1. Say we join alpha carbon atoms closer than 10 Å with springs in a Gaussian network model of the chain; which of Lys140, Lys17, Lys32 then has the biggest fluctuation?
2. Average the reciprocal distances over every distinct pair of alpha-carbons in the range 89-154, invert the result, and give the Kirkwood radius in Å.
3. Let's see if you can work this out: charge +1 on each Lys and Arg Cβ, -1 on each Asp and Glu Cβ, no other charges. What is the dipole magnitude of the chain about its Cα centre, in debye to the nearest 20?
4. Just name one of Cys25, Ser63, His148: the one whose Cα is farthest towards the positive end of the charge dipole of the chain (beta-carbon charges, Lys/Arg +1, Asp/Glu -1).
5. At 0.36 nm per residue, minus the direct Cα-Cα distance, what do Gln3 and Leu149 gain on full extension? Give it in nm, one decimal, please.
6. Where the eigenvalues come from the Cα gyration tensor of the chain, what are the semi-axes √(5λ) of the equivalent ellipsoid, largest first, in whole Å?
7. Can you tell me the 0 to 90 degree angle between the C-alpha axis of helix 125-150 and the longest principal axis of the chain, rounded to 10?
8. For Lys17, list the lysines whose Cα falls under 25 Å from its own Cα; do not include residues on the same chain fewer than 8 positions away.
Amino acid sequence: MSQVGRYLKKHTEALVKDVGIEAACELTGKSKATLGRYYSPHDEHAERFMPVDAVAALEAAASFPHVSVALAELGGFELDVTASRRNEQTTVKGDVNEDVIRLSRRFAMLMTEYHASITDGTITANEAQRILKETVALQKVLIDIKLHLDHAEP
């Protein structure tokens, strides 16, 4: 499998895991097995990729447009996903439980980016930028948690 294929499959897997496998099945109308084939690194699935309409449906529900960002990077472009993303909260909405869920998702996305970056033994400047963006997003969630705890009634 080509380097580009492996890269896209890793981001497809991150997208499915971001949304959750059960929700991904419902949103795309695909089975767990079919979704798994889209990001499987095995040779028999090397040429199998998720259809664009399925990617669009999942990215609408995800907290981050994993595949779109990967495609942009492969084309030499950069997407600004920090501007008014509907799933990203920067105010004191929701509660601490929702923040903890967002925190665990952000941490998982940070670890996904880190793992994808170190597989070849080096972290490129582009990969470092993605890790930095995830770190900043994680910090925003931590700040939201702090704000919720500061405003919590005793």
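1. Lys32
2. Evaluated over the range 89-154, this radius sits at 12.9 Å.
3. For the chain, the charge dipole is close to 140 debye.
4. Working it through, the farthest residue towards the positive pole turns out to be Cys25.
5. Extra length from Gln3 to Leu149 when fully extended: 48.1 nm.
6. Values: eigenvalues 168, 71, 34 Å².
Sorted largest first and rounded, they come to 29, 19, 13 Å.
7. Tilt of helix 125-150: around 30 degrees.
8. Correct list for Lys17: Lys9, Lys30, Lys32, Lys93, Lys133, Lys140.
Bear in mind that the values in this text are calculations on the coordinates, not laboratory data. Quick caveat, the model's predicted, so the values are computed rather than measured. Note: ideal-geometry Cβ built from the backbone for every residue, glycine included; neighbour counts use all protein chains shown.
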